[in-house]
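What follows is a single structure, written as structure tokens, with notes after it.
The values are calculated or read from the model by the stated rules, or taken from the named source; none is laboratory data. Since the model is a prediction, treat every value here as computed from it, not as a measurement. Reconstructed Cβ throughout: ideal geometry from the backbone, glycine too, with neighbour counts over all protein chains shown. Protein only, heavy atoms only, side chains kept; ligands, DNA and RNA dropped before computing areas. Shrake-Rupley method; radii C 1.70, N 1.55, O 1.52, S 1.80 Å.
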Amino acid sequence: MAVETQRMEDFRLEAEPYYLPLGNEVELFEAAYAANLPVMLKGPTGCGKTRFVEYMSWKLGRTLVTVGCHEDLTASDLVGKYTLRGDETVWQDGPLTTAVKAGGIAYLDEVVEARKDTTVVIHPLTDDRRILPLEKKGEVVQAPDDFMLVISYNPGYQSVLKDLKHSTKQRFVALDFDYPTPDLEEVILQEEAGIDAETASKLVKIGEKVRNLRTHGLEEGVSTRLLVYAGQLIAGGVEPVVACEATICKPITDDLEMQRSILELVNTQF
Amino acid sequence: MSTQGGPTGNVGMYVGREMLASVPEDRRDDYLRLVEEISDLKYQLGVEVARQLPRLFQEQDDTAVERYLDQVRSIADVGWKSGVEVAKQLPDLYHAPDPRIADAYIEIIADATQGTPDDDETQAFSSELEDLERQLREIEPKQQRAQELKSLLAARDRRDEKRRKHAQELAAALPPILARLRARHREVYMREVRLVASADPEAALEAANTLLDLLNSERLSHDGAAEWTRRGLDVLEKNREVGRGYFRMGSKYSLDVLEELREGLALRQVARVLKLYATALSGRDVAVRGIDEMETVDRFGPDHIILPADMRFFQDDDRNFTAYKVAAAHGAARIEFGTYRFQLDDVPETVEALTERYGNSAA
């Protein structure tokens, strides 16, 4: 039998990702890292959770293994499994095992989407044992001090059927994220989309108004990410109303009346 | 039985081979012809004569054959069943010791079969019966027509009964409806409902409710209401049930007519978009209400804005929608900033809230 592992250097960020701190999240994350505590990022989609982890990975000089969780993701997918390569049975480390062995940051995005058995492998990593049992291999991997587990979790998506158990939630330091305040979001848009202050201000106002509809038929408001997309299209020469329709109205709802009301908000600005 | 061809036609159907064989050869054609002639009177008669004739031919007595056939025919004329029996018995009687017996036998059977001649009374009965039957034949279409008229009158009676019942229902329903009707629509409303009521009280019940909504909500002008009613009466005249559906607004045609007559943009078409728009602008849950609700809700309530049921400022709906949008934005701003809740003591708090929300430029 042979063991295959991925090259960890592939997971190291070379350039500094753009991230504008919204509060004390950077300091909290650094403190959690120093104390070997796992972190849970809570917040709506597109508010900057993933960018924040990338930024912290770069800032701490750690590799970052990101796993986008989905409903078919099993514990084996995370920790690894035996696979056939020709006549040989090969153990293939999963991304979580790779991250643990390398001592980087393992980021499980939208962890609640994964199958329930994944929490079984997460738990021993999140308490003082900091171990990852590889049951199929009969091996236990001890996480080095510089390993950190980060999960993200969108409370707006959860339901009775899909929610993190309290026994899982209470193993993490939680950092709350939300959409940036208007002045910060304007700066982010200018930086990320390369648009002028006036356009950024208008987009932020649209975002702010659309977010008012969150409890009136919209599951979530328009994300900063979508506002950045709108800005990028505008910067690329697309007419602002058309850009906003494509990046704001249509992605966030299929309700035609809702789309029209949002478009009217766009028309008010542009 | 065997079939025989040649000149004898159908007689072969009931002349057996052995019968024909027993007829002298030179008389066979005569035999077949005579049997065929007698069988034309009655099939059963032909069968019996075919059985008896060979013995008479064998006796070579043409007179006996002729007498036999005449006597059989004479009885068959008054009753063919007696004729068959006579055809069977008669040849034996020709050989009776007393040659008068056969003739006497024929007379008895003839009288017995024929009965006594008709008397005057029977003739009168028969004539009267024929006359009555003719009259009955003549009267039959009149009876049918009378039945039709009875059915028609009964249907009309039922219809009138229904009409009175619906008129009574209309009498009970109209006062509370009138109480909800805006005064300025009263004259038009009464005129149109009366037109429908005179045509069909049941349809008038539907029209009374529908016109109340259409006029109170300003969805139809007075002229539009008159035209809407006129079109409905046309439908009602052709088909009562479809007409009632029209006045209930339960038919596509009714809705199409309403759409055709509508002037401006109806609030109901854009109410949700405006509600979402106002909610997004103000950050509060804003309800949009039509002007027809103004009497039942606070005009400047903190959770709703009142808008016209129709926007008719412009010819095109896009511009009418923009007008709605302006009105909705105005209402949303009133709700967000509490225009009609302003009190001098609140100024510091208001300034602080605005500064927090919009920065120092708001102050």
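Being farther than 14 Å from residue B:53 by Cβ and surrounded by 21 or more Cβ atoms within 10 Å (Cβ to Cβ) is the filter here; which residues of region B:67-83 pass it? Please lay out each step first, then the result.
Residues of region B:67-83 that are farther than 14 Å from residue B:53 by Cβ, as a first pass: B:74-83.
The answer is B:75, B:76, B:83.
Scanning region B:275-302 for residues that are open to solvent by less than 10 Å² (accessible area, probe 1.4 Å), within 14 Å of chain A (Cβ to nearest Cβ) and part of a loop (DSSP other than H, G, I, E, B) yields a single hit, B:286. For residue B:338, all conditions in the list (1) under 27 Å from residue A:267 (Cβ atoms); (2) under 54 Å from the mean Cα position of the chain (by Cα) hold save one; what is the number of the exception? Just one mismatch for residue B:338, condition (2). Can you tell me which residue within region B:307-346, out of those that are in a helix (DSSP H, G or I), among the small types (Gly, Ala, Ser) and in contact with a strand residue (DSSP E or B) (Cβ under 9 Å, 6 or more places away or on another chain), is most open to solvent (accessible area, probe 1.4 Å)? Residue satisfying both the conditions and the ranking: B:327.
Suppose we filter B:196, B:257, B:270 for residues that are of a type in the set (A, V, I, L, M, F, W, C), touching a residue at least 24 places away in the same chain (Cβ under 8 Å) and within 14 Å of another protein chain (Cβ to nearest Cβ); which single one remains? Reasoning before the result, please.
Numbers: B:196 fails: within 14 Å of another protein chain (Cβ to nearest Cβ); B:257 fails: within 14 Å of another protein chain (Cβ to nearest Cβ).
So the residue among B:196, B:257, B:270 that is of a type in the set (A, V, I, L, M, F, W, C), touching a residue at least 24 places away in the same chain (Cβ under 8 Å) and within 14 Å of another protein chain (Cβ to nearest Cβ) is B:270.
Among the residues of region A:221-236, the ones that are more than 14 Å from every other protein chain (Cβ to nearest Cβ) and open to solvent by less than 40 Å² (accessible area, probe 1.4 Å) come to 8 in all. Applying the condition of being open to solvent by 60 Å² or more (accessible area, probe 1.4 Å) and away from chain B (no Cβ under 14 Å) to region A:178-191 and asking which residue is farthest from residue B:272 (Cα to Cα) yields A:191. Quick one: in region A:237-248, of everything that is buried (at least 22 other Cβ atoms within 10 Å of the Cβ) and within 28 Å of residue B:267 (Cα to Cα), which residue is nearest to the other protein chains (Cβ to nearest Cβ)? Only one residue fits best here, namely A:248. The residues of region A:195-210 that are part of a helix (DSSP H, G or I), more than 14 Å from chain B (Cβ to nearest Cβ) and surrounded by 16 or more Cβ atoms within 10 Å (Cβ to Cβ), listed by number, are A:199, A:200, A:202, A:203.
With region A:220-270 as the region, which helices (runs of 4 or more DSSP H) entirely inside it contain at least 1 residues that are touching an Asp or Glu at 6+ places or on another chain (Cβ under 9 Å) and not acidic (Asp, Glu)? Full working, then the answer.
Working: elements: A:224-235, A:240-244, A:256-269.
Ranges flagged: A:224-235, A:256-269.
For region A:59-67, the count of residues that are closer than 19 Å to residue A:192 by Cβ and either in contact with an Asp or Glu (Cβ under 6 Å, 6 or more places away or on another chain) or not in a loop (DSSP other than H, G, I, E, B) (or both) is at least one. Taking (1) closer than 30 Å to residue A:221 by Cα; (2) open to solvent by less than 40 Å² (accessible area, probe 1.4 Å); (3) in a helix (DSSP H, G or I) in turn, residue A:152 satisfies each apart from (3). Scanning region B:20-29 for residues that are in a helix (DSSP H, G or I) and either open to solvent by less than 50 Å² (accessible area, probe 1.4 Å) or of a type in the set (Gly, Ala, Ser) (or both) gives B:20, B:21, B:27.
Residue A:116 meets each of the listed conditions (1) surrounded by 20 or more Cβ atoms within 10 Å (Cβ to Cβ); (2) farther than 28 Å from residue A:30 by Cβ apart from (1).
Yes or no, residue by residue, for (1) basic (Lys, Arg); (2) free of Cβ contacts under 8 Å to residues at least 12 places away in the same chain; (3) within 14 Å of another protein chain (Cβ to nearest Cβ); (4) surrounded by 16 or more Cβ atoms within 10 Å (Cβ to Cβ):
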| position | (1), (2), (3), (4) |
| --- | --- |
| A:165 | yes, no, no, no |
| A:174 | no, no, no, no |
| A:193 | no, no, no, yes |
| A:212 | no, yes, yes, yes |
| A:216 | no, yes, yes, no |
